[in-house]
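Please treat every number below as a calculation from the coordinates, not as lab data. Worth saying up front: this structure is predicted, and the values here are computed from it rather than measured. Using ideal geometry, Cβ is built from the backbone for each residue, glycine included, and neighbour counts are taken over all protein chains shown.
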Amino acid sequence: MNKHKRKIVNPKTAIDPKPPKPKPPVKPKGYVTTSTLILVAFATAFFSRIIDSAGAPSTINFLHFAAVPFACVVALLQTRTKNPYQISITWMLLGGLWALLSVMFASAIVNEAGIINIIFSFLLLGEPFLMLLALVCVPLCERSLHKFRVWLIRFGFANLIFAYGQWVLFVILKRHPKPGNPDYIQGVFYHSGAGHVVSASVSMTFGLYYLVSAKSVPLWIRIVTALATFQHMLIADAKQVLLAFLGGGVLLLVTKLKNVGEAIKYLSIAVLFLLVFYWCVENVPAFGAFQTWARPEIYGPDGEATRLKTAAIRIVPTHYESWLNWLFGLGPGHTVSRLGGWMLAAYWHLLGPLGATRHVASGEVWGAVGASWLGNQSSMFSPLFGWAGIWGDLGWLGLGAYLYLAWVVWNYVGVDDLSRFFLSSVFIFGLIFSQMEEPGYMLFVAIMVALRWQETENKKVKRRRDLMEAKRAVRLGMVQSEN
C-alpha cells in the first residue's frame, strides 16, 4: 500500500530540469554598449553650452547633431528585439521621421532652400524623436535602466548646482556681467540667449521626475529637491516655465475627463495650486515678476500682446507665391523656427559657405518684435514660437507630419501620467517660444519618457516570466506527484 503512496513535492523547491543557462559572451576590451553610446550622445547636447563658455570652439554646439543620429543608427543596427509591440513603435517612428524629411525636401524644392537648411531643420525637429527611437528600439535590461536613471539624475543635479552657483556669484557676490539681469542664471546652458528658460525648464522637469521616480531616496530629500528646482525657476526669472507646466497640467486633465475620479483628483490639485500661486503673486515679492502678464488691456483682438504674438501668422502668408506654399510653407529655416530665427544669423559665417539660404520673412517678424513696446518685456509675447516655426517653414503638411510623430509618442510611448504631463508641457512650450527646438530640454524629456516606457515594458516581461515559471513549477509538481 505504501508503494502507491504519492510523494508530495513543493513546486517552489522542485529541481529545475532545464539545462543551465550558458554564460554570456565576454565583451572585447574597449566594447561600448548601445546604452552608453546613447548617454554620451545626450551629454554632447546637455553640456555643450557650458563647455563653449569655458573656452571651447563654438562648433562644440554642433557635435550633438552628429552624435545623436549616429547613436540612433547604431541602436537600430544592433537591436535584436523580437517584441512585436516594440518593433511596431519603431516602424511608426521611422515612418513619421521619413514623412517629415520628405516634406522638408519638397518644401526646399518649392522655395529653393539650401540642402544645409534641410539637414539642420530636420535635426532640430527630429532629434528628440531619434533619441526616443534609439531608446525604444533596444530592449534595455534593468542594469542599463539603472545606469540611465543614475546619470540622468546626476545631469539634473549638475544643472541645478550650476544655477545656484551662478545665483551666488551674480546676485549675492555682485559679480554679475550685466547687473540686474536675472537671465544670466542659466545652469549648464550658460551662455546662451534663452539659457535661463532652458535651464529652468530642465530643472523643474528633473525635480518632478526625481520626486516621482526616485523611490529609494527618502521622501523629504525628493521634496526638498523639487522645491529647489521651483526656486531655480524663480531666481532665473523664467516665468513661462511655470505657465507651460500649468498648461500641461490642464491638457492632461482634459484627457482624464472620461474618468470622473481621475478628473476630480487632478482638478482639485490644479485649483489648490492656482489658489496658492495667486496668493504668492499678490503677497510674496519673489513672485512679483508674474505681474508682467497681469495687464488685461494688452490682450483682446486688438491688444498689443495679441498683435505681437500673431505677427508671424500675419506676415508669413504675405510671401506666398502659389498654393504650394500653403502645403509646404516658405522653406526650412526661412521663417521663425530656431534655424531661421536665430541659428542662421548667429552661425552664418559657418553655414553660409555651406549653401544655407535665408528669407526676408524672418527679418520682418524680428522687425515687428523691435517695433513693439512689448518686444523686450517677455518671451511670452514672442511671435517666434515653435508651432509657428513648423507651420511657417513647412506648411500644413509639415505640421501634420510633426503632429503624427507626437501622436505616436503620446499613444504608444507615453505610458503613464508623468510622461504625458511632460509631453503636454512640451506642447504648451511650443505656443510660447522656441523650446521645442532646444536640444538640451527636448532630449532630456525624450530620455525620461523613453525610460518610463522601458521600465513599464520590463515589468510586463518580468510578470510574464514569473507567470510562466509558476505554471511550469505547478506542472512539474503534478508530474512528480503522479510518479
Quiz prompt | Tally of residues being under 12 Å from Thr357 (Cβ atoms) and acidic (Asp, Glu) across the range 91-135 | solution = 1
Self-check item: Sole residue being without any contact (Cβ under 8 Å) to a residue 60 or more places away in the chain, part of a helix (DSSP H, G or I) and among the β-branched types (Val, Ile, Thr), chosen from Ile119, Ile89
Solution: Ile119
Quiz prompt | Test for Leu160: is it farther than 30 Å from Ala401 by Cβ, part of a helix (DSSP H, G or I) and touching a residue at least 24 places away in the same chain (Cβ under 8 Å) | solution = yes
Quiz item: Residues of the range 351-388 being part of a helix (DSSP H, G or I), among the hydrophobic types (A, V, I, L, M, F, W, C) and either in contact (Cβ under 8 Å) with a residue 60 or more places away in the chain or touching an Asp or Glu at 6+ places or on another chain (Cβ under 9 Å) (or both), which ones?
Solution: Leu351, Leu354, Ala368, Val369, Met380, Phe381, Ala388
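Residues are listed down the side, and each one gets a yes or a no for (1) out of contact with any Lys or Arg (no Cβ under 8 Å at 6 or more places or on another chain); (2) under 25 Å from Arg149 (Cβ atoms):
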site	(1), (2)
Leu37	yes, yes
Phe46	yes, yes
Ala54	yes, no
Ser58	yes, no
Asn61	no, no
Ala66	yes, no
Val74	yes, yes
Trp98	yes, no
Met104	yes, no
Quiz item: Quick check: anything in the range 197-210 in contact with a Leu (Cβ under 7 Å, 6 or more places away or on another chain) and either free of Cβ contacts under 8 Å to residues at least 40 places away in the same chain or β-branched (Val, Ile, Thr) (or both)?
Solution: no
Quiz item: Can you name the number of the only condition in (1) under 28 Å from Ala214 (Cβ atoms); (2) surrounded by fewer than 18 Cβ atoms within 10 Å (Cβ to Cβ) that Trp98 fails?
Solution: (1)
